[in-house]
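**Q** I have a structure I would like to understand better, so I am pasting it below and will then ask my questions one at a time.
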Amino acid sequence: MFQHLRILFTVFALSTILIQPAFSKENSEKPNSTNEESSSDSSDEPSIDKSLDLLKALDYPELQVVPRASQRLKVEAARETSGWYTDYWAFQVSGLATAYVGSMGSSMFRASLTADQQTDADAAVLGAQVTGAGWILGTVLLGLGKPYETGYREVRAVKGKDKRAQLLRERMAEETLESSSKLMTKLTYGALITNAMASIYLATFMNREGTIYAAASAMFSFLPMIFPHQHIVSWGKHQEYKRKIYVPFTSMRLHYDSKTQKTMPLLAMNWTF
C-alpha cells in the first residue's frame, strides 16, 4: 500500500513540475484573475497568523492572561489615585482603637498598683498611644506614596510593540503587583501583632472596665486579616487567572502500541487556555 502511495506522490510531483511553466504563462496573460486569487488567499492570512501567534505565545502566560498585569496595574493605579485615603482603613481603625485605649488607660488603672507597676502601666499607656498613632500616620504616608501609580509610570516608559517589549512591560507590572502584595502582607501581620500586644499588655494594669476596652481593642487588631488590603487581593486574583490560563493537566496510563505489540506507560499532558 505504501509503495502505491509513493508512486502516486511521484506522479503528482512530476505533473506539477511539467504544468508549472504553462501555468505561469497563463497567469502572466491573465493578471486580473491572479489578483483575485491572491486577494482571496490573503483573506485567510489573518486567521493563520493568529493561530501561529497563539502557538508561539504558549510559552508566555504573561501575554495570555486576561486582564494582563499592565492592564490590572493601570486600573488599580486609577483607583489608588481617587481613593488612597480609604485603602488602609482596616489598619487605621485598628490603630485608632489601640490609641484610644491608650489615651483612656491612665484613668482605668487598678487601685492596687504598686509604684513599680504604676511606672510600667504608664509605659504601657505610652506604648499603646505610639503604636496606634504610628499605624495611622504610617498608612497615610504609604497611601500618599501611591506605589501602583509609580509602578505604572515605569511600565509606560517602556516603548516598543514587539514581543520582547511586551514581556518586559508585563513582567515589570507583575513585579510591582507582587512587591506591593508582599509588603502589605508583612504590614498586615505587623499591625496584628503590635496592636494586639499593646492592648493585651495594657489590659494587665487596668480594672475590670478597662480590661473590656482593651479586649475590644485587641479584637480590632484582626481587621487587616479579616479584610485583606486591595494590593493582596489584586495580586492573588492575577495569580488565579494566570493559573487558569496556562495549567498543564498530566495523567499517567498504560498504552498498547499495535506496531511493536508492546505495552508502555504513557504520560498525557493537556494545556487549557
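Coordinate-derived values only; no laboratory data. No experiment lies behind these values; they were computed from the predicted model shown. So basically every Cβ, Gly included, is an ideal-geometry build from the backbone, and we count neighbours across all protein chains shown.
**Q** Loop only per DSSP, at most 14 neighbouring Cβ atoms within 10 Å: give me the trypsin sites (Lys or Arg not before Pro) in segment 132-241, ordered by residue number. Could you put the intermediate results ahead of the total?
**A** On the way: sites: ARG153, ARG156, LYS159, LYS161, LYS163, ARG164, ARG169, ARG171, LYS182, LYS186, ARG208, LYS237; in loops: LYS159, LYS161.
Qualifying residues, ordered by number: LYS159, LYS161.
**Q** I need GLU80, GLU209, GLU178 ordered by Cβ neighbour count within 10 Å, fewest first.
**A** Numbers: GLU80 22, GLU209 11, GLU178 15.
By the 10 Å Cβ count, ascending: GLU209, GLU178, GLU80.
**Q** Ok, one more. Which of the chymotrypsin sites (Phe, Trp or Tyr not before Pro) across segment 77-180 are loop residues per DSSP, with 10 or fewer other Cβ within 10 Å? Before the final figure, lay out the partial values.
**A** On the way: sites: TRP84, TYR85, TYR88, TRP89, PHE91, TYR100, PHE109, TRP135, TYR148, TYR152; in loops: TYR88.
In loop regions of segment 77-180 (DSSP not H, G, I, E or B), there are no sparsely surrounded chymotrypsin sites (Phe, Trp or Tyr not before Pro).
**Q** A follow-up question, please. Between SER217, GLY160, SER199, whose Cα lies farthest towards the positive end of the dipole of segment 69-232 when Lys and Arg beta carbons carry +1 and Asp and Glu beta carbons carry -1, centred on the Cα centre?
**A** Checked the options; the winner is GLY160.
**Q** Based on Cβ point charges of +1 for Lys and Arg and -1 for Asp and Glu, what charge dipole magnitude is obtained for segment 69-232 about its Cα centre, in debye rounded to the nearest 20? It would help to have the intermediate numbers written out before the result.
**A** Working: 16 positive and 14 negative charges, 186 e Å.
Dipole about the Cα centre, nearest 20: 900 debye.
**Q** When only alpha-carbon atoms are used, what values of Rg and Dmax, in angstrom, describe segment 69-232?
**A** According to the Cα coordinates of segment 69-232, Rg and Dmax are 20.7, 75 Å.
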